[in-house]
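*Asks:* The following block contains the structure, expressed as C-alpha cells.
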Amino acid sequence: MTNDEILMHETPKPSQFHTEWNGTEWIDLRTEDEKLAYNRSQYPSLTRYQFLRCLLENGFKAGDIEAQIQTNEDEFSRELALLGFKEATNFVRTDDSMIAMQTVLGLSDEKLDELWEYALAL
C-alpha cells in the first residue's frame with residue numbers, strides 16, 4: 001500500500017459530501033449552488049409566530065404582505081403564496097409557497113436566509 005493510500009484510509013471524510021481524494025485531502029465536489037441549496041434545506045422550520053414577528057420587525061405588516069401577494073398576476077403562484085401565508089402553522093425554507101412569497105416580496109435568497117436566521121432566535 002502506498003503512503004497516499006495509507007493516508008487516505010487514515011483520514012476521515014469531513015462529511016458525506018467529501019467523496020474524492022486528491023492525494024492529501026478529501027474534496028467536496030458539489031457546486032456552490034448545490035451547497036447553498038443543501039444548507040437551506042437544513043434550516044429548521046419556523047413557527048407561525050416566529051415567521052410573522054420576524055416579518056413585522058423587518059417592516060413587513062401582515063396586511064401589506066397579503067395585499068402584495070394579491071398583485072401577483074399568476075393565479076397559481078398567487079393562491080399558493082396566499083395559502084402558505086394565511087394557513088400555514090409552520091414555515092419551511094424550501095417550500096414552494098415560501099418561494100412564492102419570497103418572489104412576491106422581492107426578497108433575495110440571501111435576504112430570506114438572513115431573516116430566517118433572525119426568526120430562529122425569536
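*Asks:* Set Lys and Arg Cβ to +1 and Asp and Glu Cβ to -1, take the dipole of the stretch 53-122 about its Cα centre, and tell me which of PHE76, LEU107, ALA121 lies farthest positive.
*Replies:* Highest projection toward the positive end goes to ALA121.
*Asks:* Another question, then. Leaving out ligands, DNA and RNA but keeping every protein chain, what accessible area does LYS61 have, in Å² rounded to the nearest 10, with a 1.4 Å probe?
*Replies:* Counting only protein heavy atoms, LYS61 exposes about 120 Å² to solvent.
*Asks:* What's the local net charge at LEU36, with K and R +1, D and E -1, over the other residues with C-beta under 11 Å away? Before the final figure, lay out each step's value.
*Replies:* On the way: positive: ARG30, LYS35, ARG40; negative: GLU32, ASP33, GLU34, ASP109, GLU110, ASP113.
Charge balance near LEU36 sits at -3.
*Asks:* Can you compute the radius of gyration and Dmax for the chain, using only the Cα atoms, both in Å?
*Replies:* When restricted to the Cα atoms of the chain, Rg and Dmax are 20.3, 68 Å.
*Asks:* Heavy atoms only, probe 1.4 angstrom, no DNA, RNA or ligands counted: give me SER15, SER41 ranked by accessible area, highest first.
*Replies:* Details: SER15 40, SER41 60 Å².
Final ranking, largest accessible area leading: SER41, SER15.
*Asks:* I'd like the FRET efficiency for THR89 and ALA121, computed as 1/(1 + (r/R0)^6) with the beta carbon distance as r and R0 of 25 Å, rounded to 0.05. Don't skip to the end; give the middle numbers.
*Replies:* Working: r = 20 Å, r/R0 = 0.79.
The pair THR89/ALA121 has a calculated efficiency of 0.80.
*Asks:* Okay, next question. Taking a cut-off of 21 Å between Cα atoms, list the lysines near LYS86, but don't count ones fewer than 8 places away on the same chain.
*Replies:* Hits, sequence-local ones excluded: LYS61.
*Asks:* So which aspartates and glutamates pass the test for LYS111, namely a Cα distance under 19 Å, with those fewer than 8 places away in the same chain ruled out?
*Replies:* Cross-link targets: GLU32, ASP33, GLU34, GLU57, ASP64, ASP95, ASP96.
*Asks:* Over the heavy atoms of PHE76, what accessible area does a 1.4 Å probe trace out, to the nearest 10 Å²?
*Replies:* Estimated to the nearest 10 Å², PHE76 gives 150 Å².
*Asks:* Can you send over the carbon and sulfur percentage of the accessible area for the stretch 1-93, probe radius 1.4 Å, protein chains only? Don't skip to the answer; put the middle values down first.
*Replies:* Numbers: 3350 of 6450 Å².
Within the stretch 1-93, the accessible surface is 52 percent carbon and sulfur.
*Asks:* What 222 nm value per residue comes from the helices of the chain, counting each DSSP H run with n ≥ 4 as -39,500 (n - 2.57) and dividing by all residues, nearest 500 deg cm²/dmol? Display every interim value, and only then the final one.
*Replies:* Values: 7 runs with 72 residues, N = 122.
Result for the chain: -17500 deg cm²/dmol, rounded to the nearest 500.
*Asks:* Using a 1.4 angstrom probe, figure out how much accessible area the chain has per residue, in square angstrom, rounded to the nearest whole.
*Replies:* Solvent-accessible surface per residue comes out at 65 Å².
The values are calculated or read from the model by the stated rules, or taken from the named source; none is laboratory data. Quick caveat: nothing in here was measured; it's all calculated off a predicted structure. In this analysis, Cβ positions are derived from the backbone assuming ideal geometry, glycine residues included, and neighbour counts consider all displayed protein chains. For the accessible areas, the whole protein counts, side chains as well, though only heavy atoms, and no ligand, DNA or RNA atoms are used. Shrake-Rupley method; radii C 1.70, N 1.55, O 1.52, S 1.80 Å.
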